[in-house]
1. Using r as the Cβ-Cβ distance of residue 184 and residue 419, and R0 as 45 Å, what FRET efficiency do you calculate, to the nearest 0.05?
2. Would you kindly state how much longer the chain becomes between residue 105 and residue 385 on full extension, computed as 0.36 nm times their sequence separation minus their alpha carbon distance, in nm to one decimal?
3. Just the Cα atoms of the stretch 151-208: what Rg and Dmax do they give in Å?
4. What is the calculated FRET efficiency for residue 398 to residue 216, with r their C-beta to C-beta distance and R₀ = 51 Å, to the nearest 0.05?
5. Under 37 °C and 0.692 mPa s, how fast does the stretch 83-185 diffuse according to Stokes-Einstein, given a Kirkwood radius computed over C-alpha pairs? Answer in µm²/s, whole number.
6. Residue 140 versus residue 361, label points 7 Å from Cα toward the beta carbon: distance in nm?
7. Based on the Kirkwood radius over alpha-carbon pairs, what value in µm²/s does the Stokes-Einstein equation return for the translational diffusion coefficient of the stretch 230-337 at 37 °C and 0.692 mPa s?
8. What are the extents of the Cα atoms of the stretch 314-389 along their three principal axes, listed from largest to smallest and rounded to whole Å?
Amino acid sequence: MLDLLIHNATLPDGRTAMSVAVRHGKIVGVAPGLLAPAQTVIDAQGQLLSPPFVDAHFHMDATLSYGLPRVNQSGTLLEGIALWGELKPLLTPEALIARAMAYCDWAVAKGLLAIRSHVDVCDARLLAVDALLEVKRRVAPYLDLQLVAFPQDGVLRAPGALDNLKRALDKGVDVVGGIPHFERTSEQGSASVKLLCELAAERGLRVDMHCDESDDPLSRHVETLAFETQRLGLQGRVTGSHLTSMHSMDNYYVSKLIALMAQAQLHAVANPLINITLQGRHDTYPKRRGMTRVPELLAAGINVAFGHDCVMDPWYALGSGDMLEVAHMGLHVAQMTSQAAMRQCFDAVTVNAARVMGLENYGLEAGCNADFVLLQARDPVDAIRLRATRLKVWRHGRLVAESALAQAQLHLPDRPAQTAWGALSNAAPAVNRRAAPFPGRRLATNPERLASLARSPQPPGEPDNTHAD
Ligand code: FE2
């Protein structure tokens with residue numbers, strides 16, 4: 001007997017009326033109209049079933065600390081780094097763990113089940129490293145937390161940082177980080193890239209560097225990162241994060257650079273919410289957007305993900321762990337408005353981000369982990385448009401979060417009784433009729449049945465019969 005059978009789902013690739021069968025935490029079948037006994041049966045009613053959201057770039061050691069010990073007045077990256085430096089001596093393991101655990105609750109509720117978080121290793125106590133390793137252990141049953149040893153103050157610039165970074169790796173931190181544009185000189189920045197890539201190669205680890213998070217068009221450390229990646233045979237295992245200086249670089253130089261990045265199979269991570277606010281702060285007008293060249297990188301075959309980077313911390317006051325908000329901002333900043341480009345923005349917070357992290361068994365096919373999210377949306381573009389409600393979230397086939405259907409009751413003359421912001425079908429909508437929250441083929445039209453999606457699951461042995469119409 002199956003543990004879980006989901007019927008009538010729309011998948012991100014556009015297939016509709018699909019069934020997904022789950023046994024022992026794995027997907028065992030994806031096909032139209034699967035029939036088999038199952039402990040729990042769910043009718044997706046034509047809604048979008050996606051693999052979970054993945055955040056390829058985050059700072060969990062700083063999250064939810066907004067206002068401690070004060071607020072970033074200038075809004076710049078550099079004041080944020082200084083402010084974090086003020087906060088670090090005040091951190092306690094208990095408070096850090098409590099904030100990180102609370103953020104992971106938010107993440108799961110938003111269908112975000114894998115996060116790559118940088119952790120600052122410049123504090124010789126490695127307090128944040130120990131705390132996040134503990135968080136990683138605690139959340140492992142429901143969230144994949146991958147940690148990057150991040151020398152926030154510069155691996156060569158900050159005394160003891162290299163030793164601290166190595167100790168963090170010894171403790172079990174997964175990935176080697178860096179921040180070459182923050183080293184004292186450009187030469188030191190290049191030297192840090194070489195040193196850290198060599199360290200990763202020796203230890204068989206991946207690399208993810210904060211690279212060229214600057215408005216300076218001459219900040220070109222990604223060139224060295226691509227070179228070292230090829231020299232050391234690290235292709236496909238190295239990520240350049242932020243890369244904002246590429247926005248300001250000379251076009252001729254970029255035409256050479258992107259080809260080198262593609263050859264090295266670098267991954268790129270843009271952080272649209274943060275860099276649209278941090279970059280261009282020294283500009284008057286015109287004011288640069290400051291996000292890296294996402295469509296051009298994608299066109300060259302480079303894997304590009306979007307990261308959240310910050311939520312309520314010294315660099316950013318907002319955020320809720322919603323990767324659809326990240327995709328929404330990335331779409332706007334990069335002007336990725338064609339249907340194909342909008343779908344690429346959805347990929348940037350799902351499959352592309354999973355590729356950055358090297359997640360195994362991720363996806364919606366037989367053999368993959370039964371991790372997925374049911375969204376109140378009819379396709380990926382609709383999901384971004386609505387920052388869609390996560391109706392249900394499953395991890396290894398187990399329901400871990402659910403939310404009520406988003407809809408408003410209307411009290412208007414000659415208008416429908418409610419709306420759920422569903423796009424209208426091509427046929428003109430009828431006035432004086434109760435509106436279907438999600439018009440379209442195969443979508444449920446009965447609000448009570450839609451609402452049933454957001455109710456608690458049936459206990460084992462009591463199949464949900466809401467699919468039987
Ligand atoms: Fe970052």
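We did not get these values from a lab; they are worked out from the coordinates using the rules stated. Keep in mind the model is a prediction, meaning the values are calculated, not measured. Here the Cβ positions follow ideal geometry from the backbone for every residue, glycine too, while neighbour counts run over all protein chains shown.
1. Step by step, r from the Cβ atoms, then E = 0.20.
2. Working: separation 280, 0.36 × 280 = 100.80 nm, distance 2.37 nm.
Stretched out fully, the residue 105 to residue 385 stretch lengthens by 98.4 nm.
3. Cα-based Rg and Dmax for the stretch 151-208 come out at 10.6, 30 Å.
4. 0.60
5. Working: Rh = 14.1 Å.
The diffusion coefficient I find is 233 µm²/s.
6. Those two pseudo-labels are separated by 1.4 nm.
7. Values: Rh = 14.6 Å.
Reported coefficient: 224 µm²/s.
8. Extents along the principal axes: 37, 33, 22 Å.
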